[in-house]
Amino acid sequence: ESVDFKMCKIDALFDIHDLGNLQKSIQKICIEAEEKIKSGCSIIVLDNSLISKTQAAVPSLMGVGAIHHHLISVGLRRRASILVNGGDIIEAHHVACLLSFGADAVYPSLSMESIHAQANKKEKDTYKSKKNFLKALDSGLLKIMSKLGISTVNSYKAAQTFEALGIHKE
């Protein structure tokens, strides 16, 4: 039996000229994710990489956490995977937080573009540099998980093992 996976992209951006727009944008992406799943989408790609002079990125962690909890509240979370294409993912801790708050996969787009731009000019291919970066992220993630006594990513995913200190409860 063949299984079809429909992928849908959600731009996680907000207008920089209206300070209330971050909260509105987070609510909008939650509703958009719900509607896309109801229309048959099984992979949600949350993308905050297309910033501009007027559009700022919704932080990946805020977006993922909000979508994850919204989909749980409407009974749709198990029907779709959440992938993050984020310009704000640069270290293992970022990946760990995203997985812990509901992401199923993470792509650090700005980091990969930066590696490509900064790669040694002698290299015809940046594959090795990117592979080393991803290996470092994997090693860091394993270290974080092992300190918590967690041995599988599946046990770690959506466990919300992090706590925000000094930030308003909302």
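The values are calculated or read from the model by the stated rules, or taken from the named source; none is laboratory data. A quick note: this is a predicted structure, and the numbers were derived from the prediction, not measured. Please note: Cβ atoms are built from the backbone with ideal geometry, for glycine as well, and neighbour counts cover all protein chains shown. Quick note on the areas: whole protein, heavy atoms, side chains included, nothing else; ligands and nucleic acids left out. Shrake-Rupley method; radii C 1.70, N 1.55, O 1.52, S 1.80 Å.
Considering only the stretch 32-48, I want to know if a residue exists there that is open to solvent by 40 Å² or more (accessible area, probe 1.4 Å) and over 19 Å from residue 78 (Cβ atoms). Taking every residue of the stretch 32-48 in turn, none turns out to be open to solvent by 40 Å² or more (accessible area, probe 1.4 Å) and over 19 Å from residue 78 (Cβ atoms). Residue under question is residue 102, and the condition is that it be on the phi > 0 side of the Ramachandran plot and either in contact with a Lys or Arg (Cβ under 8 Å, 6 or more places away or on another chain) or surrounded by 20 or more Cβ atoms within 10 Å (Cβ to Cβ) (or both); does it hold? Criteria met by residue 102.
Within the option set 102, 75, 40, 63, being under 17 Å from the mean Cα position of the chain (by Cα) and not in a helix (DSSP H, G or I) holds for one residue only, 102. The requirement of being assigned to a loop (DSSP other than H, G, I, E, B), among the acidic types (Asp, Glu) and open to solvent by 90 Å² or more (accessible area, probe 1.4 Å) is satisfied by residue 4.
Return yes or no: is residue 132 over 17 Å from residue 85 (Cα atoms) and either of a type in the set (Lys, Arg) or modelled with pLDDT under 85 (or both)? It is false that residue 132 is over 17 Å from residue 85 (Cα atoms) and either of a type in the set (Lys, Arg) or modelled with pLDDT under 85 (or both). Selection of first residues in the stretch 65-79 that are open to solvent by 30 Å² or more (accessible area, probe 1.4 Å) and of second residues that are at pLDDT 95 or above and of a type in the set (Asp, Glu), restricted to Cβ pairs under 7 Å at least 6 apart or on distinct chains, gives the following pairs, ordered by first then second residue: 70/34; 74/34. Residues that are out of contact with any Leu (no Cβ under 8 Å at 6 or more places or on another chain), more than 23 Å from residue 75 (Cα to Cα), outside any loop (DSSP other than H, G, I, E, B) and open to solvent by 40 Å² or more (accessible area, probe 1.4 Å) occur in the stretch 8-31; there is at least one. Of everything listed in (1) of a type in the set (Ser, Thr, Tyr); (2) without any contact (Cβ under 8 Å) to a residue 40 or more places away in the chain; (3) crowded, with 20+ Cβ neighbours inside 10 Å, the single unmet condition for residue 60 is (2). If you filter the stretch 146-170 down to residues that are in a helix (DSSP H, G or I) and closer than 19 Å to residue 65 by Cα, you find that the one that is modelled with the lowest pLDDT is 156. More than 20 Å from residue 43 (Cβ to Cβ), free of Cβ contacts under 8 Å to residues at least 60 places away in the same chain and in contact with a strand residue (DSSP E or B) (Cβ under 9 Å, 6 or more places away or on another chain): is that true of residue 88 in this structure? It is true that residue 88 is more than 20 Å from residue 43 (Cβ to Cβ), free of Cβ contacts under 8 Å to residues at least 60 places away in the same chain and in contact with a strand residue (DSSP E or B) (Cβ under 9 Å, 6 or more places away or on another chain). Residue check: is residue 121 at pLDDT below 80 and basic (Lys, Arg)? Here the answer is yes, as residue 121 does meet what is asked.
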